[in-house]
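Contents: one structure, followed by commentary.
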Amino acid sequence: MSDIRDRIYAEPLTEVGGFSFDARVAAVFPDMICRSVPGYGAILESIGRVAARHAQPGSRLYDLGCSLGAATLAMRRNVSAPDCRIVAVDNAAPMIERAREHIEAFRGDTPVELICGDLLHTPIEDASLVVMNFTLQFIPLPERDALMARIRAGMRQGGVLVLAEKIRFEDPALDALVTELHLDFKRANGYSELEISQKRQALENVLIPETLATHRQRLHAAGFVSCETLIQHYNFACLLAVA
Ligand code: GEK
């Protein structure tokens, strides 16, 4: 299933609807995200390393917006702390169905609870690690502050948040330049101009990027004691914040 190529926007569409995480997207998701998000593999690798070091015994590890469970698998492969439990949440049923197959295909000692539901209504409790790998960008702007505060409140002191996001830059000229570099990355990965422009239209008002400064301010306001950029490739950044 992971070898299916993303051709969703390859043919001209009479009307480009808003992007949604439906069965067609779930079927090609690994190919889509690898060819679209610079640094995705390096971020997953870091999530595994962070889980190895920072998962606390007897705590919960959350993968919010888990899609097919790539971050969940990275955590489960690397956790060595005893009695942890991974809670993986996504509100797209086709994603969760495939995530179940992916996760069951690998053995692991840490139990995984898969929830098909809205992360805005998922209780966060006793967490030592929370991962939001390219998920906050899909949450409506007015909900983001309260969500991050609720996540922080559900974390153990010293727990860690990994927040990866598409970002935008304050300076419009720089933003345009880095956007072009990202589009070159997509072109180099085989996406045509038509695919790029139709996907861009579909994501308009669905994926809303913010600046790194906004993310940092929100994390501090939510009660995280510190926050740094762990990885950045063009306009895709992964932040690490400590509770
Ligand atoms: C990975 N983290 O491969 N509640 C739950 N899930 C949501 C919500 C919500 N309110 N809104 C969006 N999602 C993954 C990749 S993809 C990123 C994450 C991308 C889910 C949505 O259904 C989708 O599966 C995921 O967030 C975003 O490590 O496609 O750019």
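The values are calculated or read from the model by the stated rules, or taken from the named source; none is laboratory data. Owing to the predicted nature of the structure, the values given are computational and were not obtained by experimental measurement. Don't worry about glycine lacking a Cβ; one is built from the backbone with ideal geometry, like all the others, and counts go over all protein chains shown. SASA here: full protein model, heavy atoms, side chains in, ligands and nucleic acids out. Shrake-Rupley method; radii C 1.70, N 1.55, O 1.52, S 1.80 Å.
Residue by residue through the stretch 47-73, note down the ones that are small (Gly, Ala, Ser) and within 8 Å of the ligand (Cβ to nearest atom). Listed by number, the residues that qualify are Gly65, Ser67, Gly69, Ala70, Ala71.
Number of residues in the stretch 28-46 that are more than 8 Å from the ligand (Cβ to nearest atom), in contact with a helix residue (DSSP H, G or I) (Cβ under 8 Å, 6 or more places away or on another chain), open to solvent by less than 30 Å² (accessible area, probe 1.4 Å) and assigned to a helix (DSSP H, G or I) equals 1.
Hey, any hits in the stretch 157-173 for a residue that's of a type in the set (A, V, I, L, M, F, W, C), on the phi < 0 side of the Ramachandran plot, within 15 Å of the ligand (Cβ to nearest atom) and in contact with a Gly (Cβ under 9 Å, 6 or more places away or on another chain)? Yes, the conditions are met somewhere in the stretch 157-173.
Selection of the stretch 81-92 for residues being more than 10 Å from the ligand (Cβ to nearest atom) and either assigned to a strand (DSSP E or B) or touching a strand residue (DSSP E or B) at 6+ places or on another chain (Cβ under 9 Å) (or both) yields Ala81, Cys84, Arg85, Ile86, Val87. Give the residue that is least open to solvent (accessible area, probe 1.4 Å), with candidates limited to residues of the stretch 93-118 that are part of a helix (DSSP H, G or I) and farther than 15 Å from Ala23 by Cα. Top of the filtered list is Ile103.
Filtered by the rule that a residue be within 21 Å of Asp184 (Cα to Cα), of a type in the set (D, E, K, R) and at pLDDT 90 or above, the stretch 5-55 gives Arg5, Asp6, Arg7, Asp31, Arg35. For the stretch 59-80, a residue qualifies if it is part of a loop (DSSP other than H, G, I, E, B), open to solvent by less than 40 Å² (accessible area, probe 1.4 Å) and out of contact with any Gly (no Cβ under 8 Å at 6 or more places or on another chain), and the qualifying residues are Gly65, Cys66, Ser67, Leu68, Gly69, Val79.
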